[in-house]
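The values are calculated or read from the model by the stated rules, or taken from the named source; none is laboratory data. Fair warning: this is a prediction, and the values are worked out from it, not measured in the lab. Here the Cβ positions follow ideal geometry from the backbone for every residue, glycine too, while neighbour counts run over all protein chains shown. Just the protein is used for accessible areas: all its heavy atoms, side chains included, with ligands, DNA and RNA removed. Shrake-Rupley method; radii C 1.70, N 1.55, O 1.52, S 1.80 Å.
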Amino acid sequence: MGNEREMPVHRIVVVGGGSAGWITAGLIAASHARIPDSPIEVTLVESPRVGTIGVGEGTWPTMRSTLIRLGIPESTFVTECSAAFKQGTRFNGWIDGGQNDVYYHPFTAPAGYPDTGPASCWQQGRGDLSFTDSVSPQGMVCDRNLGPKQAGTPEYAGILNYGYHLDAGKFANLLTSHCTRTLGVRHVQDHITTIQTADNGDIESLQTTSHGRIAGDLFVDCSGMRSMLLGDHFGVSFIDRSDVLFNDTALAVQVPYSDDSAPIASQTISTARDAGWIWDIGLSSRRGVGYVYSSRHGDEDRGREILEDYLQSTGAPAGAGESARRISFSPGYREKFWHRNCVAVGMASGFIEPLEASALVMVELSARMLVEELPANRSVMDIVARRFNDRFRYRWARIIDFLKLHYVLSKRDDTAYWRDNRSPDSIPDSLQELLELWRFRPPSQADFPHVDEIFSAASYQYVLYGMSPDSARGQYQPAEANRIKARQLFEKNVRAANQCLATLPPHRTLLARIAQHGLPAAG
Ligand SMILES: Cc1cc2nc3c(=O)[nH]c(=O)nc-3n(C[C@H](O)[C@H](O)[C@H](O)COP(=O)(O)OP(=O)(O)OC[C@H]3O[C@@H](n4cnc5c(N)ncnc54)[C@H](O)[C@@H]3O)c2cc1C
């Protein structure tokens, strides 16, 4: 037994060929491809009978460093995945559902961040400008459908911070060819029928329909919502969080632009509706639109009506919503993510809802931790597993808090969905505590002390002051020196915004230029 536990971890088997499987397999392979004679072998098994979820088109800026680590040039990615640049999210109708109900959560941090002085001073001396427009040019840039960089800006660099909107199917295809041809991942297209257990209770191998048994030292469960290894096989329980976040159904559709010159939005547009909200994601080739809602608060017929109305109001052809695909999910996550020699990544580990695109970033963070802490042998695996579980339990809790914040701050009173979302027993204690603190001071880094926090204090400031600008008015007493500094930052931001508006190209033009000429290589 002692010897067995000292056996090195060489054979890594990834189950699933969706975004989670390929990102994880690719990042592990890329980190070892650089080590001469590395003994690590990565195999990815994907069932031809079970399709990928086919949604998941909004990313965080973290995707840029993931693509760099994978060794994929940005112009290749943008062109082959029909990708577009995402600079944040515009929220329509979330505050009270009125005429001017719009705010932005941009990706570029507020001017002066992490200093909270500007946020405090904005509260006290608030003029006509919203918080976002006072501390970042990005909302104004998005309003005009401009890109975050120029055609001459090198690959993966930006004038403003950005992630992407991508075609999930094309992304999986690009990752498949890159990971197999360049990074040496072995790709097995076969259905896994059973799982064989070793004497110690670990997974020994996977039985496939026509490739026999696939043995491994570490198994990564990227099998999607079913969670075939961690959930089905090991029985690790699922923590249902529908008590906090109610959405459990989506109607998703792909629609063409009204014409070839229609502007391409450079932000996800998130529009609040009766029992949920609509995402609108602009790619270079089409839009991806969907209504995600709570089936306890609205039925499918009404959902289809709401989606069709939205599509019509945004220039889609009549009946565009008819082909919308229904996807059901349970908001929640596994009690642990790494159990014995199996770690779950992606939908197999959990999913809350599409708001703020937190799923792919969790995939990226999981894969990075796996790469950085890949256990040398079985005997240290349990230590790594415990660390992994602690870190990701914390992250899921933070995601829940941040997503819930969007609902708690809403003043919408038109349906039970919005009222129920403010019910105190649906708000986690951790969020209630933060909201209490933020009555007297802005969200600060001290509130989120871990490395690689999934949502920083900057994100909380944008949402808090976007939705509730008067939340702490009169409570802060910024010193005169801070007020002067903040005023200078606000003025500098106006100059930066003017500069961006004068020099950044229309998003559609930028994407067309990249398709034709590529981007200059990074220096
Ligand atoms: C409505 C909706 C909208 C979303 N929007 C976003 C978003 O904007 N941004 C974001 O970050 N995330 C989003 N997500 C989440 C995102 O789609 C997923 O996190 C991402 O696509 C990863 O999925 P996956 O790879 O874990 O699973 P899947 O794509 O479901 O892949 C599962 C894989 O497992 C394989 N498999 C299953 N059973 C077997 C078997 N027996 N043998 C062999 N292989 C098997 C399948 O063949 C498939 O390849 C959204 C999710 C939903 C539901």
Every residue in region 270-322 that is within 24 Å of the chain's Cα centre (by Cα), open to solvent by 10 Å² or more (accessible area, probe 1.4 Å) and of a type in the set (Gly, Ala, Ser), please. 284, 285, 295
Of the conditions (1) closer than 20 Å to residue 9 by Cβ; (2) buried (at least 22 other Cβ atoms within 10 Å of the Cβ), residue 372 clears all except one; give me its number. (2)
Taking region 185-206 and keeping only residues that are surrounded by fewer than 18 Cβ atoms within 10 Å (Cβ to Cβ) and either more than 16 Å from the ligand (Cβ to nearest atom) or assigned to a loop (DSSP other than H, G, I, E, B) (or both), one is left with 191, 197, 198, 199, 200, 201, 204
Cβ-Cβ under 6 Å, sequence separation 6+ or interchain: first residue in region 209-236 and open to solvent by 20 Å² or more (accessible area, probe 1.4 Å), partner basic (Lys, Arg). Which pairs? 217/11
Enumeration of residues in region 41-79 that are more than 15 Å from the ligand (Cβ to nearest atom), over 20 Å from the mean Cα position of the chain (by Cα), surrounded by fewer than 24 Cβ atoms within 10 Å (Cβ to Cβ) and under 29 Å from residue 190 (Cα atoms): 41, 71, 76
If a residue has to be open to solvent by 30 Å² or more (accessible area, probe 1.4 Å) and part of a loop (DSSP other than H, G, I, E, B) to count, how many in region 323-351 make the cut? 4
Return yes or no: is residue 88 open to solvent by 30 Å² or more (accessible area, probe 1.4 Å) and either within 16 Å of the ligand (Cβ to nearest atom) or modelled with pLDDT of 95 or more (or both)? no
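Every residue, every condition in (1) under 30 Å from residue 98 (Cα atoms); (2) charged (D, E, K, R); (3) touching a strand residue (DSSP E or B) at 6+ places or on another chain (Cβ under 6 Å), yes or no:
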position: 368; (1), (2), (3): no, yes, no
position: 372; (1), (2), (3): no, yes, no
position: 379; (1), (2), (3): no, no, no
position: 382; (1), (2), (3): no, yes, no
position: 400; (1), (2), (3): yes, no, no
position: 414; (1), (2), (3): yes, yes, no
position: 421; (1), (2), (3): yes, no, no
Flag for residue 112 being surrounded by 19 or more Cβ atoms within 10 Å (Cβ to Cβ), in contact (Cβ under 8 Å) with a residue 12 or more places away in the chain and in contact with a Lys or Arg (Cβ under 8 Å, 6 or more places away or on another chain): yes
Residue that is nearest to the chain's Cα centre (by Cα), among those in region 115-133 that are at pLDDT 90 or above and surrounded by 21 or more Cβ atoms within 10 Å (Cβ to Cβ): 132
Regarding region 181-190, can at least one residue be identified that is hydroxyl-bearing (Ser, Thr, Tyr), at negative phi and out of contact with any Lys or Arg (no Cβ under 6 Å at 6 or more places or on another chain)? yes
Scan region 161-184 residue by residue and report those that are part of a loop (DSSP other than H, G, I, E, B) and open to solvent by less than 10 Å² (accessible area, probe 1.4 Å). 162, 166
Touching a residue at least 40 places away in the same chain (Cβ under 8 Å), in a loop (DSSP other than H, G, I, E, B) and surrounded by fewer than 18 Cβ atoms within 10 Å (Cβ to Cβ), is that true of residue 154? yes
Return the only residue of 412, 439 being farther than 30 Å from residue 41 by Cβ, modelled with pLDDT under 95 and outside any helix (DSSP H, G or I). 439
Restrict the check to region 361-368 and report whether at least one residue is open to solvent by 20 Å² or more (accessible area, probe 1.4 Å), in contact with an Asp or Glu (Cβ under 9 Å, 6 or more places away or on another chain) and either of a type in the set (A, V, I, L, M, F, W, C) or touching a residue at least 12 places away in the same chain (Cβ under 8 Å) (or both). yes
Any idea which residue in region 345-401 is modelled with the highest pLDDT, counting only those that are away from the ligand (no atom under 16 Å from the Cβ) and of a type in the set (Ser, Thr, Tyr)? 394
Tally, over region 228-252, of residues that are within 11 Å of the ligand (Cβ to nearest atom) and among the aliphatic types (A, V, I, L, M): 5
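One line per residue, one yes/no per condition, for (1) at pLDDT 90 or above; (2) over 25 Å from the mean Cα position of the chain (by Cα); (3) surrounded by fewer than 16 Cβ atoms within 10 Å (Cβ to Cβ); (4) more than 29 Å from residue 369 (Cβ to Cβ):
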residue: 434; (1), (2), (3), (4): yes, no, no, no
residue: 445; (1), (2), (3), (4): yes, no, yes, no
residue: 458; (1), (2), (3), (4): yes, no, no, no
residue: 461; (1), (2), (3), (4): yes, no, no, no
residue: 469; (1), (2), (3), (4): no, yes, no, yes
residue: 473; (1), (2), (3), (4): no, yes, yes, yes
residue: 478; (1), (2), (3), (4): no, yes, no, yes
residue: 493; (1), (2), (3), (4): yes, yes, no, yes
Tell me yes or no: at least one residue of region 11-19 is open to solvent by 30 Å² or more (accessible area, probe 1.4 Å) and either within 16 Å of the ligand (Cβ to nearest atom) or under 17 Å from residue 179 (Cβ atoms) (or both). yes
Quick one: count up the residues across region 415-436 that are assigned to a helix (DSSP H, G or I) and over 24 Å from residue 450 (Cβ atoms). 9
State yes or no: is residue 108 at pLDDT 95 or above and away from the ligand (no atom under 16 Å from the Cβ)? yes
Spot the failing condition for residue 247; the list is (1) open to solvent by 10 Å² or more (accessible area, probe 1.4 Å); (2) in a loop (DSSP other than H, G, I, E, B); (3) within 19 Å of residue 358 (Cβ to Cβ); (4) not β-branched (Val, Ile, Thr), and only one is missed. (1)
